[in-house]
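*Asks:* I am attaching a structure below and will ask some questions about it afterwards.
The values are calculated or read from the model by the stated rules, or taken from the named source; none is laboratory data. All figures in this text were calculated on a predicted structure; none of them were measured in a lab. Cβ placement follows ideal geometry from the backbone for every residue including glycine, while neighbour counts extend to all protein chains displayed.
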Amino acid sequence: MNLALKETDVHRGYRYLSSFLLTAVLAAPVAMMAAASPQDRDDRNQENRHSENNKRYYDRNHKDYHTWDGNEDRSYQRYQTEHHQRRAFVQLNIRQQGAYWSWRHSNPDVRPDDR
């Protein structure tokens, strides 16, 4: 009787161990996919270093994102001058922001060496 009870305990232990191993095997690929690769982290760190307070805005008409940095700020100031406006970009409604992004796509950056 005592021997049968010990065998049951051993089988129960194997069942829990096998369940644990199966869970670990199934969870490992998911955990690996969720972790950022070192290259992704380096890219994000470099991006944040160059633009700590920059925001990204989605351009619905062109279906792309724009990062608001010093360059974008200069372009927006140029746009305001051309359109006789003095409002912060975040104060514009969606239609007005869309008009700016359309202008922006047709007016690429002007670098000093391009003149």
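*Asks:* How many residues are surrounded by 13 or more Cβ atoms within 10 Å (Cβ to Cβ) and of a type in the set (S, T, N, Q) when one looks only at the stretch 72-84?
*Replies:* 2
*Asks:* Look through the stretch 11-55, keep the residues that are at pLDDT 75 or above and loosely packed, with under 10 Cβ neighbours inside 10 Å, and return whichever of them is farthest from the chain's Cα centre (by Cα).
*Replies:* Result: 25.
*Asks:* Let me ask another. Sort out which residues of the stretch 91-107 are surrounded by fewer than 12 Cβ atoms within 10 Å (Cβ to Cβ) and either under 15 Å from residue 65 (Cα atoms) or not assigned by TED's automatic domain parsing to the domain that holds residue 62 (or both), and write them in order of number. Before the answer, list the steps.
*Replies:* Taking the stretch 91-107 as the starting set, the residues that turn out to be surrounded by fewer than 12 Cβ atoms within 10 Å (Cβ to Cβ) are 91, 93-95, 106.
Once the filter is applied, which keeps residues that are surrounded by fewer than 12 Cβ atoms within 10 Å (Cβ to Cβ) and either under 15 Å from residue 65 (Cα atoms) or not assigned by TED's automatic domain parsing to the domain that holds residue 62 (or both), the stretch 91-107 yields only 94.
*Asks:* List every residue pair whose Cβ atoms sit under 7 Å apart, with the two residues 6 or more apart in sequence or on different chains, where the first one lies in the stretch 63-79 and is acidic (Asp, Glu) and the second, anywhere, is surrounded by 11 or more Cβ atoms within 10 Å (Cβ to Cβ) and not in a loop (DSSP other than H, G, I, E, B).
*Replies:* Short answer, once both residue conditions are applied: 72/66.
*Asks:* Find the residue count for the stretch 52-93, including only residues that are more than 15 Å from residue 106 (Cα to Cα) and among the acidic types (Asp, Glu).
*Replies:* 3
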